[in-house]
Every structure is written in structure tokens, then in C-alpha cells.
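Chemist: Pasting a structure here, questions to come.
The values are calculated or read from the model by the stated rules, or taken from the named source; none is laboratory data. Here the structure is a predicted model, which is why all the values come from computation and not from measurement. A quick note on method: Cβ atoms are made from the backbone with ideal geometry, for glycine too, and the neighbour counts reach across all protein chains shown.
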Amino acid sequence: MGIIKFAVKSGICIYAIKYTVDEGAWASPEDAIKFKEKHCKAINENEYYQTGKSHFQTYVPMPELPQLPQKSELCYLTKYYWNNGVKSTIRFIKMTPCYVGQGMKKANNGLKQLMNQTEQKQ
């Protein structure tokens, strides 16, 4: 059953690729644009698409989009978050020796414990 399923899926995929190549979707950019316009027009003029679109618009309310932030707000937020990033980076660089020291201490303690365990087993 798996082979039949694979064969059907492969056949559909191969046919789709062959169709798009024959129609010119992978040729020059001009042919690709013609291919897109042709198929988008066919989809938009389809009665099922129009019915579904009107049904969707009737039963699914479109939400109101909030206003975009003003230019002054964007400038303030950009500066604020940029400065926070710079401060955090400087703080990390300042604390790097401490982090390295703590890591070395943990590694040293871990190695000592490992050596003690191996000595006790022998």
C-alpha cells in the first residue's frame, strides 16, 4: 500500500512540475509573469472562489487595525532599545572575567569529584 501511495504522490508532483515547465513558469521572467497573471486571473474568476470569498467576508469580521506609531514614538523606542542593548553588552563584557572564573571553578570542582570517584573505585 505504501508503494502505491508513493507512486501516486510522485506522479502528481512530476505532473505539476512538467505542467509548470510546459506553461513557462520556469522560463524567462516575462513568461513567469504571464504564467502568474494567467493563473491568478483564472482563480479570481472562478465561481467557487467568489462564493467562498463572499461567505468568508460575511461570517468572519475583519478586525480593525491599530494606528501605526508616530515618528517621535518610533525614534524614542529605537533609541531606548538601542541603548538597552548597548548597556547589556557592556555589562556582559564587564562581567566576562567573573563568568570565566566561575566556569573554571565549576570545571575544576567537577574534575576533582570525578578523580575522587575513580580513586575510590580502585
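Chemist: Report, by residue number, each residue of segment 82-108 that is within 32 Å of the chain's Cα centre (by Cα) and of a type in the set (K, R).
Modeler: K87, R91
Chemist: Could you list all residues from segment 53-79 that are exposed (fewer than 10 other Cβ atoms within 10 Å of the Cβ) and over 30 Å from I43 (Cα atoms)?
Modeler: P66, Q67, L68, Q70, K71, S72
Chemist: Kindly list the number of the only condition in (1) at pLDDT 85 or above; (2) at positive phi that fails for G24.
Modeler: In the conditions (1) at pLDDT 85 or above; (2) at positive phi, G24 misses (1) alone.
Chemist: State whether one or more residues within segment 114-122 are under 29 Å from the mean Cα position of the chain (by Cα) and among the aliphatic types (A, V, I, L, M).
Modeler: The answer is no, given that none of the residues of segment 114-122 is under 29 Å from the mean Cα position of the chain (by Cα) and among the aliphatic types (A, V, I, L, M).
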